[in-house]
Amino acid sequence: MGVPRFWREIPNRYNLIGVKCKNCNRVLFPPRFICPGCRRVGKLEPHKLKDRGKIVSFTVVHVPPNGFEGQAPYALAIVELEEGPRLTAQITDCDPNQVKIGDDVEMVFRRVGQEGEDGVIYYGYKARLV
Amino acid sequence: MDVGIIGYGVYIPRYRLKVEEVARVWGDDAERVKRGLLLEEKSVPGPDEDTATIAVEAACNAVKRGGVDPKEIGAIYVGSESHPYAVKPTATIVAEAIEATPNLTAADYEFACKAGTAGIQTCMGMVEARMMKYGMAIGADTAQGAPGDPLEYTAAAGGGALIIGKNGAGALATIEGTCSYTTDTPDFWRREMQPYPRHGGRFTGKPAYFKHVTSAASALLRQLQLTSRDFAYAVFHQPNGKFPLQVAKELGFSSEQVLPGLLVVKIGNTYSGSTMIGLAAVLDQAKPGERILMVSYGSGAGSDAFSVMVQDAIETKRDMAPKVLDYVNRGINIDYSTYARLRRLLVR
């Protein structure tokens, strides 16, 4: 990921800013330009999502990609936020064997990656068991 | 002085390393270390935590307790000796993460363990001068201790944040006054590009910690015409458990006044977070009308002393965010090898 792309997505990654359609009240994350339900009559506005949700599904990563070597094994989950959108997030601060489908989580601000030792640090959301 | 604390918040990482584990690796006598330092364990940051993430979570808790619109925060100062970037302010990351951007001033402070309280003084001055409605001061660290160095027993991670504003209905405590004492005393330092600090051993005590803390505290008491009996609580910087209790005695404070804010025994020395987490622990239990003395210490060296009077708003604001003990009591114990991995002493 390049620095400009990371920078453009800071509101989404730091603060879970998605969009809400003023026509059908659907909440979307990540943000879209057009409401998939209302199409051209939809009216999307920035919307800050609530930071609570539930684990819909998860996996435990034992063979991590570059940059996550020191963290394996860790749980990677699909989290459904209270307002409906689902997102993929790492479950932090826990033994991955404790994680269960249906667990309540809160979204927290963590280091997600970095462009090597001398590059920019990517911060963003992870989920923590409540 | 017409400024007070509008909100406060802390964050302490979850992992804990016991003195026994460090002593086992280096062949030290754990009981002797525990007696000497008055310390049982220290907090350790997770692999995805750094000073910025700790500062953000503490800041979010302060905003929740303060009940303020983050856009009204006109300044954010993050004090730390472990900023994730050498050049790129942690304060900008915090400001973005609490949605205080873009109309504010922000900067990082460095002054060993007292950089956070230096930020409080800056915010006090700016609020008093009507330059802004609220200012936020944060002290946060992921402290480094070289493997085998006595510092390894204590160097911990954690942070505290305060929102400073004018006194009034929103203030959960007023700040009655502040006083500082600063000299050039090389008791502890870290040179550019070096991963670990060095220190002067016993020299960090008498001419450094004790001289600066007692001098700043005494000057403040003289200025406000108060004595130790006027305070319900006293919070001193906590590099270990022994120093704050000893300095309290020298200043005429009892251990009962100090113990409610003495967290080092369970979480270690959180450096810039230390005094601010101590103050938060006291605010978690103090009653309106009680007075708190807070004195930080930063090596190099200097101390900032504050007199804080708790107000009625504490009763409604206290429960709006997690308390210090909520974080202290949720620790997960790890062994030295896990610690070595988390602190990247061992890298795959």
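The values are calculated or read from the model by the stated rules, or taken from the named source; none is laboratory data. Everything numeric here is computed off the predicted structure, so don't read it as measured data. Backbone-built Cβ (ideal geometry, glycine too); neighbour counts: all protein chains shown. In case anyone asks, the SASA skips ligands and DNA or RNA and just uses the protein heavy atoms, side chains included. Shrake-Rupley method; radii C 1.70, N 1.55, O 1.52, S 1.80 Å.
In chain A, the DSSP beta bridges split such that about 95 percent are antiparallel, to the nearest 5.
With a cut-off of 8 Å between alpha carbons and a minimum separation of six or more residues, what is the relative contact order of chain A in percent? Intermediate values should be presented prior to the final figure.
Working: 267 pairs, mean separation 27.6, N = 130.
Reported relative contact order: 21 percent.
Taking every residue in A:7-14 and counting other chain Cβ atoms within 10 Å of its Cβ, the average works out to 2.
Amide hydrogen proximity for A:Gln90: with H placed 1.01 Å from N in the peptide plane, the residues at 5 or more positions away or on another chain lying under 5 Å are A:Ala77, A:Ala127.
If you roll a 1.4 angstrom probe over the protein chains with everything in place, what fraction of the accessible area of the protein assembly as shown belongs to carbon and sulfur, to the nearest %? Please report the intermediate quantities before stating the final value.
On the way: 10560 of 20650 Å².
C and S atoms contribute 51 percent here.
Interface A-B: total buried accessible area of about 1900 Å², 1.4 Å probe, protein heavy atoms only. Karplus-derived 3J(HN,Hα) values for the range B:301-314, using 6.51 cos²θ - 1.76 cosθ + 1.60 with θ = phi - 60°, are 7, x, 9, 10, 10, 9, 10, 10, 10, 6, 10, 4, 4, 4 Hz; glycine and proline are entered as x. Taking amide H positions as modeled 1.01 Å from N, with prolines and chain starts lacking one, the residues under 5 Å from A:Tyr122 and 5 or more places away or on another chain are A:Val112, A:Gly113, A:Gln114, A:Glu115. Mind checking the per residue accessible area of the protein assembly as shown for me, 1.4 Å probe, whole number of Å²? Here the per-residue accessible area is 43 Å². Taking amide H as placed 1.01 Å from N in the peptide plane, B:Val3 has its amide H under 5 Å from the amide H of B:Asn167, B:Ile175, each at least 5 places away in sequence or on another chain. Overall, the protein assembly as shown carries a charge dipole of about 960 debye about its Cα centre when +1 sits on the Cβ of Lys and Arg and -1 on the Cβ of Asp and Glu, all other atoms neutral. Rounded to whole numbers, the Karplus 3J(HN,Hα) couplings from phi for the range B:184-196 are 8, 10, x, 9, 6, 7, 9, 7, 3, 6, 8, x, 10 Hz, using 6.51 cos²θ - 1.76 cosθ + 1.60 with θ = phi - 60°, and x at Gly and Pro. The antiparallel fraction among DSSP beta bridges confined to the protein assembly as shown stands at about 80%. As a length-normalised measure over Cα pairs under 8 Å and 6 or more apart, the relative contact order of chain B settles at 25 percent. Per residue of A:108-114, other chain Cβ atoms within 10 Å of the residue Cβ number 6 on average.
Take each residue in B:45-52, count the other chain C-beta atoms within 10 Å of its C-beta, and the mean is 6.
Any idea what the dipole of the range A:51-129 comes to, in debye rounded to 20, about its Cα centre with Lys/Arg Cβ at +1 and Asp/Glu Cβ at -1? Can you show the working numbers first?
Numbers: 8 positive and 13 negative charges, 38 e Å.
Dipole size: approximately 180 debye.
Considering only DSSP beta bridges where both residues belong to chain B, give the percentage that are antiparallel (nearest 5). Antiparallel bridges make up about 70 percent of those DSSP assigns within chain B. Using a cut-off of 27 Å between alpha-carbon atoms, which lysines can reach A:Lys22, once sequence neighbours fewer than 8 places away in the same chain are excluded? Qualifying lysines at Cα under 27 Å: A:Lys43, A:Lys48, A:Lys50, A:Lys54, B:Lys71.
How high is the FRET efficiency from B:Thr183 to A:Glu106, r the C-beta distance, R0 51 Å, rounded to 0.05? Write out the running numbers ahead of the final one.
Details: r = 45 Å, r/R0 = 0.88.
The formula returns an efficiency of 0.70 here.
Coupling constants for the range A:96-109 follow from the phi torsions by the Karplus curve (6.51 cos²θ - 1.76 cosθ + 1.60, θ = phi - 60°), and in residue order they are x, 6, 7, 6, 10, 4, x, 4, 7, 9, 10, 7, 10, 8 Hz; glycine and proline get x.
The slack in the chain from B:Glu31 to B:Leu345, taken as 0.36 nm per residue of separation less the alpha-carbon distance, amounts to 110.5 nm.
Only aspartates and glutamates eight or more places from B:Lys211 in sequence, or on another chain, were considered; those with a Cα closer than 15 Å are B:Asp184, B:Asp187, B:Glu250, B:Asp304. Note on A:Lys20: aspartates and glutamates with a C-alpha under 13 Å away, same-chain residues under 8 apart excluded, are A:Glu45, A:Glu83.
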